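A short write-up of the structure that comes next.
The values are calculated or read from the model by the stated rules, or taken from the named source; none is laboratory data. On a predicted model such as this, the values are computed, not experimentally measured, just so you know. Ideal geometry is used to build each Cβ from the backbone, glycine not excepted, and the neighbour counts take in all protein chains shown. SASA here: full protein model, heavy atoms, side chains in, ligands and nucleic acids out. Shrake-Rupley method; radii C 1.70, N 1.55, O 1.52, S 1.80 Å.
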Amino acid sequence: MESTIVKDSVVIKSRDFNAYFGTNHVVKNVNIDIPRNQVVAVMGPSGCGKTTYLRCINRMHELIPGASSRGEMKINDEDIYEMHPIFVRLKIGMVFQRPNPFPNLSIYDNVIAGYKLNGIKLARTERDRIVEHSLTRVALWNEVKDSLNKKGSFLSGGQQQRLCIARAVAMEPEVLLFDEPTSALDPISTSTVEELFHELKTNYTLIIVTHNMQQAARVSDRTAFFYLGELVEYDETKTMFTNPKDNRTQNYITGRFS
Amino acid sequence: MNIGSVNYRIGKSIGFQLATILFAFACVVPLLAILFYIVKAGITKINWHFLVNVPKPVGEIGGGIANALVGSVIIILVASVIAVPIGIMTGIFLSENRKSKLAYWSRLSVDILQGVPSIVIGIIAYFWLVKPLRGFSALSGSVALAIMMLPIVVRSTEETLKLLPDSLKEAAYALGMPFHRVIFKVIVPCGISGILSGVMLSIARITGETAPLLFTAFGNPYLTTNITKPMHSLPLLIFNYATSPYNDWHDLAWGASLILLMWVLLLNIFTKLITRKWKVQL
C-alpha cells in the first residue's frame, strides 16, 4: 500500500502563502506541512483567516468575487494552483459548517452525488457498494439503510452532516477539509462526528478548522494556531497545549482572549 | 385619561379595520363581475361544434373558432420556444453575476422592456420581420410575444435562484463539478418550481395580448398550421368580431372570450399547483 510506504510524508505543503479579499490581506505568509494520515486542527479567534486558508487548499476561495491568493500550495509536490480546480476538488473533499445535502436528491443519490452529478457512469452493484461503504464509514448505514430513497433533508442535523461527510468520502479523496463541521450540531451529534475523525484518518488526511479549542485538543494530532492572518504556531497538539512556544498561543489557550 | 376619548379611538380603530376589509372585498368584485358576465354571455355558445369548426361567412348560422384556437396554441408555443431558453439563461447569468457591468445593464434593459407598451413591440416586430419578409406571419407574432415574455421569465428565474443558499452551490463545487453541471444538476432543479411558475405566468400574460398580433400574425379566417403565413388567434378573433356589426359574430366573440378567460384561469391555477408540488424543501 502506498499509504504505508509514505506514511509520514507530507501531503499538503504551503510556502509563503497569502490570501486576499480585494485589498484585504487575510492570510499572511503561511508555511505549513501537513503529514499524511493525520488529523490537523486549525484554530484561532474569529476573523483570523483560518477558514480562508482552508478554502484556499481546495481552491474554493477563488469562487468569491474579488478573492485572490499568492504563494505556493502543493499536494504531493504538485502545485494545486497549476492544476485544474476540478481535479483539485476531486482529490481534496470538503465538509462545510452547516450540513448542506442536496435537497432535491435522495439519501442514496446524495452519497453518490459526486459521481451522479458529474455524469460518471457506474454499474448498479458498484454504486450500491460505494453507498453502503461510505455510509458505513460515517456510522450512518444502520440508521438510514431502510430509508435510502427518502430525501436527504429528511434527516436530523447531525445525520445530515454525516451524510455530507459520506458524500465527500465516496469520492475517495486524499485529503478531507472540515470547516467548523460541528458548530451547527448538538453535543451528541458533535461527539459522533468527532469519533469519526479517528476512524477516518486511517485512509485520509484530515484538516479541521475549529473555533473550539477543546475540540482541537480532543481530535487532532497536530494543531495550527492562526492569529490576525498569521500562522503563530504549528506543532504536535500535546506540545501546543502543554508547552506553547509563543506568548499569543499561551494567552489564547488559557482563555485570555478569544 | 377620559373614557370618551378612549372610546373614540377604539371606534376609529374598528372603523379603519372595516375599511381595509371593505377594500379587500372591493378588489374581488371586478373579477367576479367579469367572470359572471362572460360566463353568462358565453356559456351557451360553447359546444363541440364551436370548438372544431372554422367561422362561416356572414349570413350563415353557426361556425366556430377552431382556427383561432389552433392559431393561439401555435403562436404561444413558438413564442415559448424562443423566450423560455433565452429567459432562463439570462436569469441564470443575472443571479450568478450580481455585480458585473453586463448584469447591471441587462437587468436594466429587462426592466425597461417590461414597461414597453405591447403595441410598440408589435410595431418593432412589424419592422424587423413583417416588412423584410414581405408578409404577415404567425412567426413574427410569436417573436413579438416572446419579447413580452422575456422580462417575466428572466426576473422570476433570477429571483428564484437568488433565494437558493450559497451553501448548495459550494457543496456542488466542492465535489469537483464544473459550472454547467452545478447550474443544471443542482441550482436549476432546486429552483424548478419558481422557474416554471414564471414561465406559466408569462404564458398567461401573453395569451390575451392583441396589440402585438395586429400587424404581425394579422389573422386568418381559415385553419392553418403554417407559421410563415398569417394566422388567427383568440384575442384577434375577439377584437375583429366584437367590433363587427353582426349579432352572431358578437356571440362568437363572447364564446371566445370565455375560452380565453378559462385558459388564463387554468394556467394560473396550474401554476399554483406546480409551485406547491415541485417545491424543493431546503
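Quick one: would you say A:Asp109 is within 14 Å of chain B (Cβ to nearest Cβ), closer than 17 Å to A:Val219 by Cα and open to solvent by 10 Å² or more (accessible area, probe 1.4 Å)?
When the stated conditions are applied, A:Asp109 does not pass them.
I want to confirm something. Restricting to region A:89-102 and keeping residues that are in a helix (DSSP H, G or I) and facing chain B (nearest Cβ under 8 Å), which single residue is least open to solvent (accessible area, probe 1.4 Å)?
A:Arg89
May I ask you to say which residue of A:Leu196, A:Leu176 is open to solvent by less than 40 Å² (accessible area, probe 1.4 Å), within 25 Å of A:Met60 (Cα to Cα), hydrophobic (A, V, I, L, M, F, W, C) and within 14 Å of another protein chain (Cβ to nearest Cβ)?
Values: A:Leu196 fails: within 14 Å of another protein chain (Cβ to nearest Cβ).
None of the others qualify; the one that does is A:Leu176.
Go through region A:47-88 residue by residue and tally those that are facing chain B (nearest Cβ under 10 Å), of a type outside the set (Phe, Trp, Tyr) and free of Cβ contacts under 8 Å to residues at least 40 places away in the same chain.
So the answer is 8.
Looking at A:Asn149, A:Asn118 in this structure, which one is over 25 Å from A:Glu194 (Cα atoms) and within 14 Å of chain B (Cβ to nearest Cβ)?
Unique residue meeting the criteria: A:Asn118.
For region B:25-45, name all the residues that are free of Cβ contacts under 8 Å to residues at least 12 places away in the same chain and open to solvent by less than 60 Å² (accessible area, probe 1.4 Å).
Result: B:Ala26, B:Ala33.
Picking from B:Leu113, B:Leu94, B:Leu139, which residue would you name as being under 25 Å from the mean Cα position of the chain (by Cα), surrounded by fewer than 20 Cβ atoms within 10 Å (Cβ to Cβ), in the same structural domain as B:Ala211 (by TED's automatic domain parsing) and hydrophobic (A, V, I, L, M, F, W, C)?
On inspection, the qualifying residue turns out to be B:Leu113.
Would you confirm, using the coordinates I've provided, whether A:Glu233 is among the charged types (D, E, K, R), closer than 24 Å to A:Asn58 by Cα and open to solvent by less than 20 Å² (accessible area, probe 1.4 Å)?
Judged against the criteria, A:Glu233 is a match.
Here are A:Asn251, A:Asn212, A:Asn243: which of them is out of contact with any helix residue (DSSP H, G or I) (no Cβ under 7 Å at 6 or more places or on another chain), open to solvent by 10 Å² or more (accessible area, probe 1.4 Å) and closer than 16 Å to A:Val39 by Cα?
Unique residue meeting the criteria: A:Asn212.
How about region B:88-144: which of its residues are among the small types (Gly, Ala, Ser) and not in a helix (DSSP H, G or I)? Don't jump to the end; show me each part of the working.
First, pick out the residues of region B:88-144 that are among the small types (Gly, Ala, Ser): B:91, B:95, B:100, B:103, B:106, B:109, B:115, B:118, B:122, B:125, B:135, B:137-138, B:140-142, B:144.
Within region B:88-144, B:Ser100, B:Gly135, B:Ser137 meet the criteria.
Within the group B:Leu265, B:Leu213, B:Leu236, B:Leu261, which residue is of a type in the set (A, V, I, L, M) and open to solvent by 50 Å² or more (accessible area, probe 1.4 Å)?
B:Leu265
For every residue, the table says whether it meets (1) part of a helix (DSSP H, G or I); (2) acidic (Asp, Glu).
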position: B:Ile147; (1), (2): yes, no
position: B:Glu159; (1), (2): yes, yes
position: B:Ser167; (1), (2): yes, no
position: B:Leu196; (1), (2): yes, no
position: B:Ser202; (1), (2): yes, no
position: B:Tyr222; (1), (2): no, no
position: B:Asn226; (1), (2): no, no
position: B:Pro235; (1), (2): yes, no
